[in-house]
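I'd like to ask some things about the structure below.
Values in this text are rule-based calculations from the coordinates and carry no lab data. Not measured: the values here are computed from a predicted model. Please note: Cβ atoms are built from the backbone with ideal geometry, for glycine as well, and neighbour counts cover all protein chains shown.
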Ligand SMILES: Nc1ncnc2c1ncn2[C@@H]1O[C@H](COP(=O)(O)OP(=O)(O)O)[C@@H](O)[C@H]1O
Ligand SMILES: [Mg+2]
């Protein structure tokens with residue numbers, strides 16, 4: 001149990017807004033538990049059922065019920081830990097929140113329990129096997145307002161797929177298998193090869209066009225060749241310490257590297273994971289921990305750009321192809337739509353080498369205190 005002052009210090013907020021939030025929380029728990037295989041099965045757009053099973057450390061039989069209590073977590077005990085937290089979870093809120101709005105059955109280490117709308121219905125003996133199984137049925141059945149607020153089934157399914165895809169891309173060492181109404185939707189090999197993970201999510205042709213960011217100890221991942229682009233920003237998966245985040249500054253930093261390389265209105269594909277000292281990033285600013293605040297945003301920004309530009313350095317040069325410019329854009333844009341900047345290439349030459357990256361993201365020195 002967290003002490004009240006710790007619980008209060010944790011950003012409050014509803015974690016579970018839609019089926020995809022359930023998937024996100026359960027997958028994060030599995031990753032925190034060191035799982036190498038995570039299977040997710042969703043039915044009825046996640047409203048009928050979501051079942052997540054993993055082969056991680058599991059929950060000791062006598063702690064299974066406790067894990068579903070609010071503010072119970074094995075990952076955080078005192079306020080100081082909040083600053084250095086590295087695991088995905090730390091609020092001890094997810095399982096309790098899910099169990100409050102659904103019919104949940106869970107088993108681990110020979111124990112099994114069922115909680116409906118926050119009430120413990122059954123508790124007993126379960127199968128003895130590695131990891132944890134959580135099945136969430138009738139999500140929001142007791143919260144009709146939430147149910148009504150959900151988007152179309154297709155949209156909710158897309159959101160589930162997006163969550164699993166992002167984790168599969170960011171964790172190539174973990175084997176993800178997502179089925180939607182019994183049909184395989186995402187299936188990664190978990191062999192540790194990022195390009196293969198990208199192939200599993202976007203298909204082999206896209207994977208073949210991705211450039212690896214090498215020699216950048218703190219910025220890992222792949223970015224697309226300029227000739228591969230999208231009309232939306234859907235293909236950008238940005239993460240901090242393996243956690244997908246939406247940070248407008250990072251998106252901007254990434255897109256800036258493509259300036260002059262992509263046609264207007266086109267966006268790169270990217271899987272970028274920034275490994276950063278947990279002390280330099282605050283993930284506790286958003287209930288679903290989707291947004292982060294960096295202590296030194298400029299340094300992160302610079303490290304990301306150095307890594308992306310180094311990767312793009314090996315890319316095929318951009319060529320102006322008038323035939324491919326988009327009609328919509330041209331009606332709004334006066335003057336030439338496309339300009340070929342030489343600047344990025346020049347910067348790249350200067351910044352390509354060097355372990356400067358690591359220095360940039362090192363913990364702040366005492367001069368700041
Ligand atoms: N898949 C899992 N494998 C192992 N332990 C788990 C799993 N899911 C939950 N737990 C345990 O239950 C606790 C509560 O989980 P949760 O409510 O998500 O809170 P948090 O992840 O913030 O700690 C976790 O701290 C962990 O000890
Ligand atoms: Mg959790």
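Using a basic spin-label model with each label point 7 Å from the Cα along Cα→Cβ, how many nm lie between residue 259 and residue 293?
2.8 nm
Could you tell me the calculated FRET efficiency between residue 120 and residue 146, based on Cβ-Cβ distance and R0 = 25 angstrom, to the nearest 0.05?
Details: r = 22 Å, r/R0 = 0.88.
For residue 120 and residue 146, the calculated efficiency is 0.70.
Further, regarding this structure: Give the order of 291, 135, 122 when sorted by the count of other beta carbons within 10 angstrom, beginning with the fewest.
Working: 291 14, 135 18, 122 10.
Neighbour counts put them in this order, fewest first: 122, 291, 135.
Please compute the volume of the convex hull spanned by the alpha-carbon atoms of the range 208-253 and report it per residue in Å³.
98 Å³
Only residues of the range 108-147 count here: report those whose backbone N is under 13 Å from the spot 7 Å along Cα→Cβ of residue 48, or say none.
Hits in the range 108-147 for residue 48 at 13 Å: 137-139.
Measuring from label point to label point, each 7 Å out along Cα→Cβ, what is the residue 251 to residue 65 span in nm?
Here the modelled spin labels are 4.6 nm apart.
Same structure again: Taking a spot 7 Å from the Cα of residue 189 along the direction of its beta carbon, which residues of the range 135-171 have an amide N less than 19 Å from it?
Backbone N within reach: 165-171.
I would also like to ask the following. Report, in whole Å, the centroid distance computed from the Cα atoms of the range 118-156 and the range 16-72.
After rounding, the separation between the Cα centres reads 10 Å.
How big is Rg to Rh over the range 166-320, alpha-carbon atoms, Rh as the Kirkwood inverse-mean-distance radius?
Dividing the radius of gyration by the Kirkwood radius yields 0.96.
May I pose another question? Could you tell me whether the range 128-181 comes out rounded, prolate or oblate from its Cα gyration tensor? Rule is a ≥ b ≥ c as square roots of the eigenvalues, rounded for a/c under 1.5, then prolate if a/b exceeds b/c, otherwise oblate.
Values: a/c = 2.95, a/b = 1.44, b/c = 2.06.
Here the range 128-181 falls in the oblate category.
What would the Debye formula give as log10 I(q)/I(0) at q = 0.15, 0.19, 0.22 Å⁻¹ for the alpha-carbon point model of the range 109-157, no solvent?
The computed values of log10 I(q)/I(0) come out as -0.59, -0.77, -0.86.
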